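This report concerns only the one structure given below.
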Protein chains: 2
Amino acid sequence: MARWEPGARERLVMAAVDLFTEQGYDATTVAQIAERAGVTKSTFFRHFPDKRELLVAGQEALSLLLAEGIAEAPAEAGPLDAVAAGLERASAAFGEVSREIAPRLKAAVATSTELQERDALKSVSLAAAMTAALIGRGVPDPIAALAGELGLLAFKRGYTTWAGDAKGDFAPHALAALAELRAASAALG
Amino acid sequence: MARWEPGARERLVMAAVDLFTEQGYDATTVAQIAERAGVTKSTFFRHFPDKRELLVAGQEALSLLLAEGIAEAPAEAGPLDAVAAGLERASAAFGEVSREIAPRLKAAVATSTELQERDALKSVSLAAAMTAALIGRGVPDPIAALAGELGLLAFKRGYTTWAGDAKGDFAPHALAALAELRAASAALG
């Protein structure tokens, strides 16, 4: 049996998200997810430790991309310019499969407090990753924390408009949201 | 048997937080919490539906206080001044028992991913409550969202310094944090 199965990971995510929406998160088993995806249970476990991790598997990769983009922004870039570089780098994580999953994922999260909690912790982790990367650039604490939260807001707003769009990259959506938040920040006084 | 038991609620929270820290959240039962608090299991269930809710029982009250303070701020108050009014109003929820619980609660949350997730959703809910109250005042969307996040950051930072303080109200801590974030926001450009 070939260990490499093209698209198995994506099929598993898609199947899981659909099952969570149809019958709820708690009622869905790993066996059902594997069956719907047309793979074996051991294939599932080669990709994910459990059904919960399946939904957050992308989070670490995303935090790394955001942090890398921020760390590697030009030395003269201000905090929000560095955040913009992080969001551009993170765009690599959002392909067509992600866009297809987005509305189903949203529906699944809406049905489950447990998934809402997991999703909230993901948000907190992304903001923390951006804040830490900014502090690593020498941005002082309250400014770094604020810029990290702005980055998270831009990420979430950009994700929503990107997912609702028919095609195109994530980056322009996130950067437009960041520009809007930057203007709002100036207006706050 | 008297239905009114002075301090039972606080004793239950204190006992639960200590047990979560000592032996972990999953291993702690309602029976153990009730025993440690010196009350019966039915007293526990008069106060809380389950052990998880015990830790988040204060959240709705807190969201209401924040939203009320924001809604009732003078009409001429800007978004961050309204947020300040919300934080002042929320101060009513933080008495000496809350301060005593704070370090234990922090230790308990550190030991459990489940509690971290619940705590993250609580944060998201508080920011959403502030944002909704600001929108109710006519503050336009991106500014309201940003001010709500600033309010949450001020709340969390104020809570940390207040909990580390020997005495005094929550409000001055939260307002000092908000003033610092306001200055950081202006510096972000």
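So here's what we get for this one:
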quantity	calculated
Nearest-first distances (nm) between copies at residue B:165, label 7 Å from Cα via Cβ	4.6
Cβ charges +1 (Lys, Arg) and -1 (Asp, Glu), total dipole of chain B, debye	340
Region A:1-118: translational diffusion in µm²/s, Stokes-Einstein, Kirkwood Rh over Cα pairs, 20 °C, 1.002 mPa s	136
At 7 Å out from Cα toward Cβ: residue B:26 inter-copy label distances (nm, ascending)	1.8
Relative packing of B:139-151, B:46-58, which averages over residues the other C-beta atoms within 10 Å, highest first	B:139-151, B:46-58
Estimated FRET transfer efficiency (residue B:106, residue B:61; beta-carbon r; R0 30 Å; 0.05)	0.90
Per-residue average of Cβ from other chains inside 10 Å of A:108-116	2
Highest average packing first - B:99-106, A:85-92, Cβ atoms within 10 Å	A:85-92, B:99-106
Kyte-Doolittle mean at least 0.5 and Cα axial length at least 18 Å: DSSP H helices in chain A	A:51-71, A:170-188
Viscosity 0.692 mPa s, temperature 37 °C, Stokes-Einstein D of the protein assembly as shown from Kirkwood C-alpha radius, µm²/s	146
Top positive-direction residue, dipole computed over chain A with Cβ charges, set A:49, A:28, A:164	A:28
Within 10 Å of each Cβ in B:133-145, the average number of Cβ atoms from other chains	2
Partner chain coverage, peptide A:72-82 - average Cβ within 10 angstrom	1
Dipole of the protein assembly as shown [Lys/Arg +1, Asp/Glu -1 at C-beta], most positive-end residue of A:103, A:155, B:75	A:103
Share of carbon and sulfur in the accessible heavy-atom surface of region A:1-115 [1.4 Å probe, %]	55
Net charge dipole size for the protein assembly as shown [Lys, Arg +1 and Asp, Glu -1 on Cβ; Debye, nearest 20]	620
Highest average packing first - A:26-37, A:122-133, Cβ atoms within 10 Å	A:122-133, A:26-37
20 Å Cα cut-off, lysine pairs counted over chain B (separation 8 or more, or different chains)	8
Residue among B:136, B:58, B:16 farthest towards the positive dipole end of the protein assembly as shown, charges placed on Cβ	B:16
Between region B:1-76 and region A:37-97, the alpha-carbon center distance in angstrom	37
Dipole magnitude of region A:18-109 about its Cα centre (Cβ charges: Lys, Arg +1; Asp, Glu -1), debye to nearest 20	420
Angstrom value of the Kirkwood radius, inverse mean 1/r, which spans all Cα pairs in region A:56-168	14.4
19 Å cut-off, amide nitrogen to a point 7 angstrom out along residue A:137 Cα→Cβ, residues in region A:33-69	A:62-69
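The values are calculated or read from the model by the stated rules, or taken from the named source; none is laboratory data. On a predicted model such as this, the values are computed, not experimentally measured, just so you know. Every residue, glycine among them, receives a Cβ derived from its backbone with ideal geometry; neighbour counts consider all protein chains shown. Accessible surface is based on the protein model in full, side chains and every heavy atom, while ligands, DNA and RNA are left aside. Shrake-Rupley method; radii C 1.70, N 1.55, O 1.52, S 1.80 Å.
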